1. Does Thr27 satisfy being of a type in the set (Val, Ile, Thr) and either over 27 Å from Glu68 (Cβ atoms) or in contact with a strand residue (DSSP E or B) (Cβ under 7 Å, 6 or more places away or on another chain) (or both)?
2. Would you confirm whether any residue within region 113-124 is at pLDDT below 85 and open to solvent by 50 Å² or more (accessible area, probe 1.4 Å)?
3. Listed residues Asp59, Asp42; which is acidic (Asp, Glu) and closer than 18 Å to Lys81 by Cα?
4. So which residues in region 41-81 are outside any helix (DSSP H, G or I) and over 24 Å from Gly125 (Cα atoms)?
5. Tell me, yes or no, whether region 187-207 has at least one residue that is of a type in the set (Asp, Glu), under 24 Å from Ile94 (Cα atoms) and over 16 Å from the mean Cα position of the chain (by Cα).
6. So, of the residues in region 150-198 that are open to solvent by less than 30 Å² (accessible area, probe 1.4 Å) and assigned to a loop (DSSP other than H, G, I, E, B), which turns out to be farthest from Asn101 (Cα to Cα)?
7. Residues being more than 22 Å from Ala122 (Cα to Cα), outside any helix (DSSP H, G or I) and open to solvent by 70 Å² or more (accessible area, probe 1.4 Å): count how many of those fall in region 199-211.
8. Just need a number here: residues in region 89-133 that are without any contact (Cβ under 8 Å) to a residue 60 or more places away in the chain and more than 18 Å from Arg23 (Cα to Cα).
Amino acid sequence: MNKTDTIRILLADAQPVYREGIRSLLTNQENPYVIQEAGNTDEFRHVLQSYDPDILILDYNPAFFSPEVVSAVPTLIPSCKVIIISSQQTKADILRSLELNVYCYLTKECGKQELQEAITGALQGRKKYAPFIVDLLLDDRRNASYTTTILTGKETAIIQHIASGKANKEIAAAMNLSPHTVHTHRKNIMKKLNVHSAVGLASFAIENNLV
């Protein structure tokens, strides 16, 4: 992406003060950002469909943003990179949010440089997670007694692709499968390993020397 390219950002947070704070961190002459905001599901749905953002910065809060609408983002706009900036919630909320193919998960205490690095990294396909997210996922994996022996060769290969950051369509092309078949394998693998996100699968791959 060239410096002159416009980067469209959708900022979704139920609290105006946080939206204003994040906007102030991002607004300067050096960053070619155009920012739209949403404070609830209706606004989110409208802006998402009309704006086609490159980056979604989201405070994942099911009380204000419908999980069904938010979870449809990767399907509706596959190129949109999701960055969550949130206060630490329950483990279940965090794991559910990570199912959105999140590229970055930061806390609301993050600074300007950390946020800028998250956006730049997401646009380049790099993922970044707050330390407590990594610890949570590792704890989740340590509590499971699963090994690679319960996986088929095809499932192992799919995990390797996921750990390298590939989306379902890319995996399908690489393995000569349909995206639907890859999606089905992915769900079965998560069930077998008792993990809830691509991050958890990547963690499993690293722990078992699959990448």
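The values are calculated or read from the model by the stated rules, or taken from the named source; none is laboratory data. Note that the structure is predicted; figures quoted are calculated from it, not measured. When we count neighbours, we look across all protein chains shown, and the Cβ atoms used for this are built from the backbone with ideal geometry, even at glycine. Remember, those area values only see protein heavy atoms, side chains included, never the ligands or the DNA or RNA. Shrake-Rupley method; radii C 1.70, N 1.55, O 1.52, S 1.80 Å.
1. On the way: of a type in the set (Val, Ile, Thr): yes; either over 27 Å from Glu68 (Cβ atoms) or in contact with a strand residue (DSSP E or B) (Cβ under 7 Å, 6 or more places away or on another chain) (or both): yes.
In short, yes.
2. No.
3. Residue meeting the stated conditions: Asp59.
4. Asn61, Pro62, Ala63, Phe64, Phe65, Ser66
5. Within region 187-207, one or more residues are of a type in the set (Asp, Glu), under 24 Å from Ile94 (Cα atoms) and over 16 Å from the mean Cα position of the chain (by Cα).
6. Of everything passing the filter in region 150-198, Leu151 is farthest from Asn101 (Cα to Cα).
7. 1
8. Residues meeting the conditions: 17.
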